[in-house]
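The values are calculated or read from the model by the stated rules, or taken from the named source; none is laboratory data. Since this is a predicted model, take the numbers as computed values, not measurements. All Cβ positions, even for glycine, are placed from backbone atoms using ideal geometry, and neighbour counts span all protein chains on display.
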Amino acid sequence: MRILLLGGTGAMGTHLSTLLSRQGNDVFVTTRKERMDNTSVIYLKGDAHDRSFIEEILREGWDAIVDFMVYHTDEFVGRVNLLLRHTDQYVYLSSARVFANEDTCITERSPRLLDVSSDTDYLKTDEYALAKARQEDILRASGCKNWTIVRPYITFSEIRLQLGVYEKEHWLYRALRGRSIVFSKDIARHYTTLTYSEEVAQGIAGLIGNKKALVEDFNIMTAESLTWQEVLDIYVRVIEECAGKRPKVVYTDACLNLSFKRRQYQVRYCRLFDRRFDNSKILSVVPDLRFMDVRVSLRLCLRTLINSREFKLIGWHDEALLDRVSAEFTPMREIGTTKRYMVYLLLRKLPFDCVKYMLNHR
């Protein structure tokens, strides 16, 4: 099969391209950066948001397209028919964040936030969970029968590991630099479901070319759940084992992101929910799919990250906010430039109400 992965260079996409190529497929992946082709994966350099680039690569036709891109809903409306016309199977990466709060295990038929929320301000936005749900609806209304919707939840890998709302650049970087991990009590007590990205990729690979997957949606994640506090405890123990020193943890009562308009919804409508899932549907269609004990996978990935110490760009605005809470300072030599350090100091020392106003009105 000729398979195109749009934006497939992240944790899930990297695992998926490797799996598909091992199966003997011809795999092509769009990327905005220069990457070396290997014997089984070809990289197509260009921006998959650029319509002319997409039109050019779609001309040849594809057996399957797996779409990892994050779209504004208006953008998706303008390209969904183009994508559906040029492939036998279009696999749309949605998210289990679309679901509303549930006291029981979430299934594919559980209510979505878009359908049941009474928060009118929230519904006016195109926030991630709402955008994904609207785009699911657009696919269903397309009249086409060659699509599959997949919904991972929070995934982790050897290059990405989250703690609540924080990426590794916000918590692991600090711990390895000798500063405190900042976390919040409100999120810590809630249950979450974390899944190793290779396992999600195996689920997606099992749906590609599978007639049972057409005009269907699948939640792809482990059935195992932990509290965020249990996740943090694992992280702290592994860091102590690998780095020789136990990191300090400083707690706030409420998540800092609740103070900022653009960030509040991920907290309010995701991390403050208990998230447990019933994955029986994906297992019925991909019966060979197996999930490792999440505690084991988390430890393995964290050890890899500690050994590599590879981080994306650090957001010094965020570091200033975290340092405020932990009563710590990041030295100028670490931040790099005088301009960045002055902005860091401003956000570190100004009254918090002033900081909130500045960041909410950027």
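Here are some notes:
- Among the residues of region 43-56, the one identified as closer than 17 Å to Arg2 by Cα and either free of Cβ contacts under 8 Å to residues at least 12 places away in the same chain or surrounded by fewer than 12 Cβ atoms within 10 Å (Cβ to Cβ) (or both) is Glu56.
- Any hit, region 150-164, residues being free of Cβ contacts under 8 Å to residues at least 40 places away in the same chain, within 18 Å of the chain's Cα centre (by Cα) and farther than 30 Å from Leu82 by Cβ: yes
- When Tyr122 is tested against (1) free of Cβ contacts under 8 Å to residues at least 40 places away in the same chain; (2) surrounded by fewer than 21 Cβ atoms within 10 Å (Cβ to Cβ); (3) not in a loop (DSSP other than H, G, I, E, B), exactly one condition is not met: (1).
- Asn81, sole failed condition from (1) surrounded by fewer than 15 Cβ atoms within 10 Å (Cβ to Cβ); (2) closer than 25 Å to Val215 by Cβ; (3) in contact with a His (Cβ under 9 Å, 6 or more places away or on another chain): (3)
- In this structure, Thr107 does satisfy being assigned by the TED database to the domain that holds Leu123, among the β-branched types (Val, Ile, Thr) and modelled with pLDDT of 95 or more.
- Pairing each residue of region 30-42 that is more than 21 Å from Glu56 (Cα to Cα) and of a type in the set (Ser, Thr, Tyr) with any residue that is surrounded by 15 or more Cβ atoms within 10 Å (Cβ to Cβ) and at pLDDT 70 or above, provided the two are 6+ apart or on different chains, yields C-beta distances under 6 Å for Ser40/Ser21.
- For the condition loosely packed, with under 13 Cβ neighbours inside 10 Å and part of a loop (DSSP other than H, G, I, E, B), Lys312 qualifies.
- Qualifying position, being touching a His at 6+ places or on another chain (Cβ under 9 Å) and not aliphatic (A, V, I, L, M), among Glu199, Glu224, Glu216, Glu169: Glu199
One line per residue, one yes/no per condition, for (1) part of a strand (DSSP E or B); (2) in contact with a helix residue (DSSP H, G or I) (Cβ under 9 Å, 6 or more places away or on another chain); (3) outside the structural domain of Phe76 (by the TED database):
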site: Asp137; (1), (2), (3): no, yes, no
site: Lys145; (1), (2), (3): no, no, no
site: Ile149; (1), (2), (3): yes, yes, no
site: Glu169; (1), (2), (3): no, yes, yes
site: Gly206; (1), (2), (3): no, yes, no
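- Residue check, Lys245 under 30 Å from Leu139 (Cβ atoms), out of contact with any Leu (no Cβ under 8 Å at 6 or more places or on another chain) and not assigned by the TED database to the domain that holds Met12: no
- Evaluated against (1) within 27 Å of the chain's Cα centre (by Cα); (2) at pLDDT below 95, Tyr357 falls short on exactly one condition, (1).
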